[in-house]
């Protein structure tokens, strides 16, 4: 095999035909509100309930500027995700975008990377869910669950039952239907937004302007350092694009959801940061494991705030698990449908319209991981995986603009290729800051993926076998002027 054969790409029109006429297709059932809620659900997790303290330690009262800087950093990549998801509305997110622009080999690598990223993230967040459940029960009811049932063996327990429970519960919900899962997520997102709004309103009633002096004790360096920590509180907007194939009107709704979820989260983050510093000193915030609860307790005199915010954190984590597990199953589904992994796993349940076998299988594996394996170190792989995906999506916009200049693009990144290039450079800078141990683990996972690719995937790839979705005779030919045009709004209900 020649090296250039590794970089064969899939036609965008064929990818789209597969979602409309293929045997393994998903139902288009999510609207703009549900999609935006997926993004907000993935972004606003426990980070905002904890990262305020870490950021305040570095940036001081100028903490809110660090949130804005981190949002701008993510914004460049968000614009690229918006363009590709609206132009290539197919499950798989960065994996599928890479298949259409950079070739099969790169697509497999990023897909394999994202499977690890999402899987480890779900397991880690599920472990955090168990800890927050304990905090909630203790603060509200005075009940503390035994360590034997809430920790892994290496952490002094036997099994983390709460983590198993929440992962399996979400897996079953995702199996029953995407529309139902999206509605449940929207409810949880609404509740956690209300709790954050409650914090903002109450904190502003006890606001003290002198807490903002000195405003930036460490200057811009402190703000930039805090932005580096806070950046990872924004990761999650990319999960919206894993729902591309299940969006009712992808050309319009996906850009709205990707950019909208980032903007909503940024506004909430900035207001919470300003309110937190206004109601409590930087020393109070940075010295607490639960800075928002401490701020309302000591600054506003509301001791029961801890229980309310613990409930908010619990709900926030639940929606994060739902969105991340959803995203992982859709990426794996796309790889199986393309033949790069066993195709039988891409079977869609005719009753529920979801890849039920795949979803329950992943849920079980992740539940075992969360129950028994310590995740303190491996969770760092989430960061490097996400940043690599961001780099490839930005690169994909630049390449597709050159190779498919006439393709229909419902949303276009302004200022391309400059804006995507800035996104690449920002992500590359953050990747360079990661510890070498993270690189070693990442390379180890990729080596395992390469073995699978050359031993299995390259021989079973549908693209290499010449298999394509069959367009019915009465469906009409693709638009000759725009051979890779996306389907119109609402073609599938």
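The values are calculated or read from the model by the stated rules, or taken from the named source; none is laboratory data. What you see is a predicted model, and the numbers here were worked out from it, not measured in a lab. As a convention, Cβ positions derive from the backbone with ideal geometry for all residues, glycine included, and neighbour counts pool all protein chains shown.
Here are some notes:
Condition check ((1) on the phi > 0 side of the Ramachandran plot; (2) touching a helix residue (DSSP H, G or I) at 6+ places or on another chain (Cβ under 7 Å); (3) crowded, with 24+ Cβ neighbours inside 10 Å; (4) at pLDDT 90 or above) across all residues:
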{"residue": "66", "(1), (2), (3), (4)": "no, yes, yes, yes"}
{"residue": "75", "(1), (2), (3), (4)": "no, yes, no, yes"}
{"residue": "101", "(1), (2), (3), (4)": "no, yes, yes, no"}
{"residue": "105", "(1), (2), (3), (4)": "no, yes, no, yes"}
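- Any hit, segment 19-42, residues being touching a helix residue (DSSP H, G or I) at 6+ places or on another chain (Cβ under 8 Å), at pLDDT below 90 and closer than 19 Å to residue 384 by Cα: yes
- Long-range neighbours under 6 Å by Cβ, at least six apart or interchain, first residue touching a residue at least 24 places away in the same chain (Cβ under 8 Å) and on the phi < 0 side of the Ramachandran plot within segment 417-429, second crowded, with 16+ Cβ neighbours inside 10 Å and part of a loop (DSSP other than H, G, I, E, B): 419/413
- Which numbered condition residue 428 fails, given (1) more than 23 Å from the chain's Cα centre (by Cα); (2) modelled with pLDDT of 80 or more; (3) assigned to a helix (DSSP H, G or I): (1)
- None of 82, 135, 148, 186 is crowded, with 23+ Cβ neighbours inside 10 Å and either within 21 Å of the chain's Cα centre (by Cα) or closer than 26 Å to residue 313 by Cβ (or both) except 82.
To keep it simple, each residue is scored yes or no on (1) crowded, with 20+ Cβ neighbours inside 10 Å; (2) at pLDDT 90 or above; (3) farther than 25 Å from residue 86 by Cβ.
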{"position": "384", "(1), (2), (3)": "yes, no, yes"}
{"position": "421", "(1), (2), (3)": "no, yes, no"}
{"position": "432", "(1), (2), (3)": "no, no, yes"}
{"position": "437", "(1), (2), (3)": "no, no, yes"}
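Every residue, every condition in (1) out of contact with any strand residue (DSSP E or B) (no Cβ under 8 Å at 6 or more places or on another chain); (2) free of Cβ contacts under 8 Å to residues at least 40 places away in the same chain; (3) part of a helix (DSSP H, G or I), yes or no:
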{"site": "326", "(1), (2), (3)": "yes, no, yes"}
{"site": "330", "(1), (2), (3)": "yes, no, yes"}
{"site": "345", "(1), (2), (3)": "yes, yes, yes"}
{"site": "348", "(1), (2), (3)": "yes, no, no"}
{"site": "370", "(1), (2), (3)": "no, no, yes"}
{"site": "401", "(1), (2), (3)": "yes, yes, yes"}
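- Here segment 281-301 is the region considered, the condition is being within 17 Å of residue 64 (Cβ to Cβ) and either in a helix (DSSP H, G or I) or within 31 Å of the chain's Cα centre (by Cα) (or both), and the residue that is modelled with the highest pLDDT is 282.
- Answer residue from segment 264-281, given it is touching a residue at least 60 places away in the same chain (Cβ under 8 Å) and surrounded by fewer than 20 Cβ atoms within 10 Å (Cβ to Cβ) and is farthest from residue 85 (Cα to Cα) among those: 281
- Residue check for residue 96: within 19 Å of residue 328 (Cα to Cα) and touching a residue at least 12 places away in the same chain (Cβ under 8 Å): yes
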